[in-house]
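**Q** I have a structure I would like to understand better, so I am pasting it below and will then ask my questions one at a time.
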Amino acid sequence: MRPLRQYAEPHATGVCLGLVLLACFALTGQGLGASGAFASVASGVVVAVSPETAVHSAYFRSYLQDGSPWTAWLVVEIMGVLVGAAASAALAGRTRLTFVRAVRPSGGRLFAGVGGGMLMGVGAALARGCTSGLALSGGALLSVGAWIFMVALFLAGFLVAPLVRRLWP
Amino acid sequence: MNDLLIAGGIGVAFGWALERAGLGDPPKLAGQFYLRDFTVLKVMLSAMLTAMLGVFWGGRLGMLDPGALYVPETYLLPQLVGGLVFGLGFVLSGLCPGTSCVALASGRIEGAATMLGLFAGVLLVGVAFPAIEPFYRSTPHGALTLQRLTGLPYGVVVALVTVVAVSMLAWIAKREAAR
């Protein structure tokens, strides 16, 4: 396998990311996000498939009250993330097509990916945000809940990591 | 319409920065929890410091109004439990919601696996919501900030957080230099 091109210096990239967040605060009055986009799309699917389920859940309803969930601010932002990340990876020669090449991750890791995603979906829904929307954006605004979430996240991560070492040799 | 153009533009820049930092790479993200790779903490702390100081000084210089920004509301127990569950998922998948999109966009199928799981997770909460709603709405504290909690002035809290975050970054740099 061809070695991946080196990534950018993390502190400098972090400052750039902080400036993006700052621009977002200045332009929109709120921070970045990610998990909310998943919740919007899930609500859109549910209301299309089973409107009754959507009506009975205040969670889905909250994502359906401000117009179409398919063009919610966070959904469009996440589409931008896909475009920006794809462009960055392609220009840096870092795109790894694991779909076609033989560098595919093990089945176990994919399974863990789905399971981990599910847990994060539940966690982010309970906490009302994820690493971007709550920990980073809320952390920068010194929200107490954001800091509790961030500390709990890293605490659980460090505690569980030794138990799943096999996943990350 | 204008709003959505901003959303798309901010998203492109966000995705670009995450990919440049290497945060679409699951073994790299998981490496944080084994203290092998400190990229996650370095990027998060640097970004948080930049935005926090930018909001504070932007407010001082009259360029923006920190009071007008939306502060995520605090729900003590749901956010504590949510954070623990989230951290567990983070180690399992080596990605978070935003970076799962970056992973997929850089051609990693792990990104799609995690995104699939995320959909399932929020769907589960949505369907089970009538049962978990009391917990979801428990221990509300509104838009509670560290300065309101401690009674310290905004500038003092910003200074304290800066000192803690810079100390952590310095500790990481020292640890890496020693190896």
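The values are calculated or read from the model by the stated rules, or taken from the named source; none is laboratory data. Remember, it's a predicted structure, so these values are computed and weren't measured experimentally. Reconstructed Cβ throughout: ideal geometry from the backbone, glycine too, with neighbour counts over all protein chains shown. These accessible areas exclude ligands, DNA and RNA; they are computed on the full protein's heavy atoms, side chains included. Shrake-Rupley method; radii C 1.70, N 1.55, O 1.52, S 1.80 Å.
**Q** Using DSSP to call loops (not H, G, I, E or B), can you name the trypsin sites (Lys or Arg not before Pro) in the range A:69-137 whose Cβ has at most 15 other Cβ atoms within 10 angstrom?
**A** Here the sparse-neighbourhood loop sites are A:ARG101.
**Q** While we're looking at this one, here's another question. Just going by the charge dipole of chain A, with Lys and Arg at +1 and Asp and Glu at -1 on Cβ, which of A:LEU142, A:LEU163, A:PRO10 is farthest out on the positive end?
**A** Result: A:LEU163, furthest along the dipole toward the positive end.
**Q** Same structure again: About the Cα centre of the protein assembly as shown, how large is the charge dipole given +1 on each Lys and Arg Cβ and -1 on each Asp and Glu Cβ? Please answer in debye to the nearest 20.
**A** Dipole magnitude for the protein assembly as shown comes out near 1240 debye.
**Q** Take A:SER106 and B:GLU176, extend 7 Å from each Cα along the Cα→Cβ direction, and tell me the distance between the two endpoints in nm.
**A** 2.8
**Q** Do any chymotrypsin sites (Phe, Trp or Tyr not before Pro) in the range A:1-101 lie in a loop, going by DSSP, with at most 10 other beta-carbon atoms within 10 Å of their beta carbon, and if so which? Let's see the in-between values first.
**A** Details: sites: A:TYR7, A:PHE25, A:PHE38, A:TYR59, A:PHE60, A:TYR63, A:TRP70, A:TRP73, A:PHE99; in loops: A:TYR7, A:PHE99.
Hits after loop and neighbour filter: A:PHE99.
**Q** Which of the helices in chain B, when you take each full DSSP H run, stretch at least 20 Å along the axis at their Cα atoms and have an average Kyte-Doolittle score of 1.0 or higher?
**A** TM-like helix candidates: B:39-60, B:76-93, B:109-127, B:154-178.
**Q** Taking amide H positions as placed 1.01 Å from N in the peptide plane, with prolines and chain starts having none, which residues 5 or more places from B:THR145, or on another chain, fall under 5 Å of its amide H?
**A** Under 5 Å from the amide H of B:THR145: A:VAL144.
**Q** What 222 nm value per residue comes from the helices of chain B, counting each DSSP H run with n ≥ 4 as -39,500 (n - 2.57) and dividing by all residues, nearest 500 deg cm²/dmol?
**A** Calculated at 222 nm, the ellipticity per residue is -24000 deg cm²/dmol.
**Q** Roughly how many whole Å is it from the C-alpha centroid of the range A:4-34 to that of the range B:4-26?
**A** 8
**Q** How big is the dipole moment of chain A about its Cα centre under a simple scheme where the beta carbon of each Lys and Arg is +1, that of each Asp and Glu is -1, and everything else is neutral? Debye, nearest 20, please.
**A** On the way: 11 positive and 4 negative charges, 176 e Å.
That gives a dipole near 840 debye.
**Q** So for the range B:26-179, considering every pair of alpha-carbon atoms, how many percent are separated by more than 21 Å?
**A** Cα-Cα pairs in the range B:26-179 separated by more than 21 Å: 62 percent.
**Q** Taking K and R as +1 and D and E as -1, what net charge do the other residues with C-beta under 15 Å from the C-beta of A:ALA12 add up to?
**A** Neighbour charge sum, excluding A:ALA12 itself: 0.
**Q** Based on Cβ point charges of +1 for Lys and Arg and -1 for Asp and Glu, what charge dipole magnitude is obtained for the range B:5-150 about its Cα centre, in debye rounded to the nearest 20? Walk me through the numbers before you get to the answer.
**A** Numbers: 8 positive and 7 negative charges, 51 e Å.
In debye, rounded to 20, the range B:5-150 gives about 240.
**Q** Turning to a different aspect of this structure: In chain B, with Lys and Arg counted as +1 and Asp and Glu as -1 at Cβ, which of these residues, B:VAL163, B:PRO97, B:ALA7, has the Cα nearest the positive end of the dipole, that is, farthest along it?
**A** Value computed over the given set: B:VAL163.
**Q** Related question: Charges on Cβ only, +1 for Lys and Arg, -1 for Asp and Glu, centred on the Cα centroid of chain A; of A:MET118, A:ALA23, A:MET79, which one is farthest towards the dipole's positive end?
**A** Selected residue: A:MET118.
**Q** In Å², rounded to the nearest 100, what is the total accessible surface buried by chains B and A against each other with a 1.4 Å probe?
**A** Adding both sides of the contact gives about 9800 Å².
**Q** A further question follows. Hey, how many Å between the Cα centroid of the range B:156-179 and the Cα centroid of the range A:155-169?
**A** Taking the Cα centre of the range A:155-169 as reference, the centre of the range B:156-179 is 24 Å away.
**Q** Using helices alone, what [θ] at 222 nm do you get for chain A, with -39,500 (n - 2.57) per DSSP H run of 4 or more residues, divided over all residues and rounded to the nearest 500?
**A** About -20500 deg cm²/dmol.
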